[in-house]
Structures are given as structure tokens and as C-alpha cells.
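These notes are about the structure you will find just below.
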Amino acid sequence: MEEIIEYVKNKKEKLKEIIKNIPFTKPLKIVIVQVNDDAASNAYIRGKINDLTELNIPYQHLKLRNDIDETSLLEIIDRLNKDNSITGFIVQLPLPKNINEEKVKRSIDPRKDIDGFNPLSKFLSATPKGIIEYLIDNNYDFNGKNALILGRSEIVGKPMAKALLTKNMNVTVLHSFTSFEDRKFYMEHADLIIVAIGKPSYIKNNEYNFKDNVVIFDVGISRVDGKLKGDCEPNLKCYFQSPVPKGVGLLTRLALILNLLEAYNYGL
């Protein structure tokens, strides 16, 4: 497997050429809507803006008040839906507690929902898409292999499971009610493991005998004593393990760009 940092760097170079050769008969623009002061969100948005700047993609960072009411936010989303100068937009999570997250997701035009949060979205959620694109580009053979997903969130777990099923994998999803004995069985028979539960160092080397060829993607990220930690202990005994940081987050940001370019081709 190619190192993720190197992979993303090479992929961006190819995207630069693609973007440079777009005839631009219509606008290409992304809007990032933020309604929080969450440290992780701020860092993630900075990374997204760096990507967009590097690729010369016009963007707007729409930072809203933390105390904005739900009706006002939905009105802003409606305006973005109707603005033909905007190719796609995202609403950064988490949202304030007074705002119904599900209602916001469903209010985004599926043709502009490049985060893939609307159930009717034309796009695969950015994290699953980033992981799958990386595997495809590294000639991973999905057919008939066992995929294990820890976590059943709407953003990662569930769309990841659906996407891997379309790749002809045998897919198992585990969650907080799965016993350790069952989890150990599935972990030790998996060829591909996606961990997305948000518990630092939850997967430990001394608890599992992984298959030699297993590929592990660590999606979870937590801050412990000022340092970023993944859901997995570092240096698991496996064929490949995505690092934290500089791992799945880079793939997610890259997938957002891919979804944006795909949205551009829809003719918005």
C-alpha cells in the first residue's frame, strides 16, 4: 500500500491538471458552512481550505453565529440550494444542540450535497469514498473478502457497509452491544477492518491475532493529553494500518474534492 501522505500528494497533482483544463462554461465554487467553534472542526476546515487553495478552487467559508436558530440556518441552506453560482456545499458537524441535525442533512439539495449526508444524495459520504478510492488506486481485490466495520454511524459505518457490499465483499458491522468474544472472532477472520467508534486505543495488539494480510483503516480520532489518538493502538501486527493523524482525514478531504468535481459535471 502506498503511504497515504504520498498518495494524496500524487492525487492532487493529477487533480490540478484536471481542474486547469476545465473549460469553465459555468462557475465552480464550494461553500463551507460552520455553526460551531469545535477545535476539531476548525482544524478540519483549515485543512479543507488549504486543499482548495492548493487546487485553485474558489470557496467561501460561511462562519455563522453559534446561537443561530434552526429556521435561520435552514433559510441559508435554501439560498445555497438555489444559488446557481455554487457547485456544492457542506454543513460542518457537529451542530448546536438546538438544531435538528437530521433535518439539516435532509434540507441540502442532493445534487449539491458533496458530503453525502442527505439520504437522497448523489454522492457517497466523503470518508467511505476516500477509503474506497485509495483501495482501488492501490489495486485492492475486494471480491469475496471479509470486511469488518466497527461502528454504525450514518456518516461512516452504514454507508461504508453499503459501499463495500457493492464491491462484492462479505460485510459485518459490529457495535457497542457486540460481545468481546464475537468481536474477537470477526476481527481475526477479517481481511479489511474499518474502525470508527471514537474511543482512543480501543483496538489493542495483545487482544487479537490478525490475519497477516489484513488492512486496517483507523477513522476515529480523539485528543488525549494534547495529542491526537486513533481508535487503534499504533503499529498493530497487520499488513497495513492507516496512521492517525495524516491518515483517513486526508482521504476524506480528497474525496470531498472528487465529489465537488462530480457535482460540477451534473450541470449545476
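All but one of (1) surrounded by 15 or more Cβ atoms within 10 Å (Cβ to Cβ); (2) out of contact with any helix residue (DSSP H, G or I) (no Cβ under 8 Å at 6 or more places or on another chain); (3) under 30 Å from R106 (Cα atoms); (4) at pLDDT 95 or above hold for I216; which doesn't?
(3)
Results for (1) more than 25 Å from V104 (Cα to Cα); (2) under 24 Å from the mean Cα position of the chain (by Cα); (3) in a strand (DSSP E or B), shown as yes or no for each residue.
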| position | (1), (2), (3) |
| --- | --- |
| N10 | yes, yes, no |
| L28 | no, yes, no |
| D37 | no, yes, no |
| D51 | yes, yes, no |
| L62 | no, yes, yes |
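What residue, of K184, K158, is farther than 29 Å from A40 by Cα, open to solvent by 10 Å² or more (accessible area, probe 1.4 Å), of a type in the set (K, R) and modelled with pLDDT of 95 or more?
Values: K158 fails: farther than 29 Å from A40 by Cα.
Among K184, K158, only K184 is farther than 29 Å from A40 by Cα, open to solvent by 10 Å² or more (accessible area, probe 1.4 Å), of a type in the set (K, R) and modelled with pLDDT of 95 or more.
Could you tell me whether any residue of the stretch 93-107 is part of a helix (DSSP H, G or I), open to solvent by less than 70 Å² (accessible area, probe 1.4 Å), out of contact with any helix residue (DSSP H, G or I) (no Cβ under 9 Å at 6 or more places or on another chain) and aliphatic (A, V, I, L, M)? If you could, list the steps in order and put the result at the bottom.
Filtering the stretch 93-107 down to residues part of a helix (DSSP H, G or I) leaves 101-107.
Now drop any that are not open to solvent by less than 70 Å² (accessible area, probe 1.4 Å), which leaves 101, 104-105, 107.
From the residues that got through so far, the ones that are out of contact with any helix residue (DSSP H, G or I) (no Cβ under 9 Å at 6 or more places or on another chain) too are 101, 105.
Now drop any that are not aliphatic (A, V, I, L, M), which leaves none.
Checked the stretch 93-107: no residue is part of a helix (DSSP H, G or I), open to solvent by less than 70 Å² (accessible area, probe 1.4 Å), out of contact with any helix residue (DSSP H, G or I) (no Cβ under 9 Å at 6 or more places or on another chain) and aliphatic (A, V, I, L, M).
Which one is farthest from I76 (Cα to Cα) among residues in the stretch 108-140 that are in a loop (DSSP other than H, G, I, E, B) and under 12 Å from the mean Cα position of the chain (by Cα)?
To start, the set of residues in the stretch 108-140 that are in a loop (DSSP other than H, G, I, E, B) comprises 108-112, 114-125, 138-140.
Now drop any that are not under 12 Å from the mean Cα position of the chain (by Cα), which leaves 114-117, 123-125.
On the way: I114: 17, D115: 17, G116: 19, F117: 17, F123: 22, L124: 24, S125: 22 Å.
The residue in question is L124.
So is I4 modelled with pLDDT of 95 or more, within 19 Å of A255 (Cα to Cα) and in contact with a His (Cβ under 7 Å, 6 or more places away or on another chain) or not? Let's see the steps before the verdict.
Details: modelled with pLDDT of 95 or more: yes; within 19 Å of A255 (Cα to Cα): yes; in contact with a His (Cβ under 7 Å, 6 or more places away or on another chain): no.
Here the answer is no, as I4 does not meet what is asked.
Given the condition without any contact (Cβ under 8 Å) to a residue 24 or more places away in the chain and not in a loop (DSSP other than H, G, I, E, B), answer yes or no: does some residue in the stretch 209-225 qualify?
Taking every residue of the stretch 209-225 in turn, none turns out to be without any contact (Cβ under 8 Å) to a residue 24 or more places away in the chain and not in a loop (DSSP other than H, G, I, E, B).
Of all residues in the stretch 226-236 being of a type in the set (D, E, K, R) and not in a loop (DSSP other than H, G, I, E, B), which is nearest to A190 (Cα to Cα)? Don't jump to the end; show me each part of the working.
First, pick out the residues of the stretch 226-236 that are of a type in the set (D, E, K, R): 227, 229, 231, 233.
From what is left, the residues that are not in a loop (DSSP other than H, G, I, E, B) are 227, 229.
Values: K227: 29, K229: 23 Å.
Only one residue fits best here, namely K229.
Exactly one condition in (1) open to solvent by 60 Å² or more (accessible area, probe 1.4 Å); (2) farther than 26 Å from K246 by Cβ; (3) in a loop (DSSP other than H, G, I, E, B) is not met by I68; state its number.
Going through the list (1) open to solvent by 60 Å² or more (accessible area, probe 1.4 Å); (2) farther than 26 Å from K246 by Cβ; (3) in a loop (DSSP other than H, G, I, E, B), I68 breaks only (1).
Please work out which one of (1) without any contact (Cβ under 8 Å) to a residue 40 or more places away in the chain; (2) open to solvent by 50 Å² or more (accessible area, probe 1.4 Å); (3) under 17 Å from K112 (Cα atoms) is the condition L74 fails and give its number.
Answer for L74: the failing condition is (2).
Within the stretch 226-262, track down each residue that is more than 25 Å from K211 (Cα to Cα), over 11 Å from the mean Cα position of the chain (by Cα) and among the charged types (D, E, K, R).
Within the stretch 226-262, K227, E262 qualify.
The values are calculated or read from the model by the stated rules, or taken from the named source; none is laboratory data. As the structure is a computational prediction, the values presented were derived from the model and not from experiment. Heads up, the Cβs are rebuilt from the backbone with ideal geometry, glycines too, and the neighbour counts pull from every protein chain shown. These area figures cover heavy atoms from the full protein model, side chains too; ligands, DNA and RNA do not enter into them. Shrake-Rupley method; radii C 1.70, N 1.55, O 1.52, S 1.80 Å.
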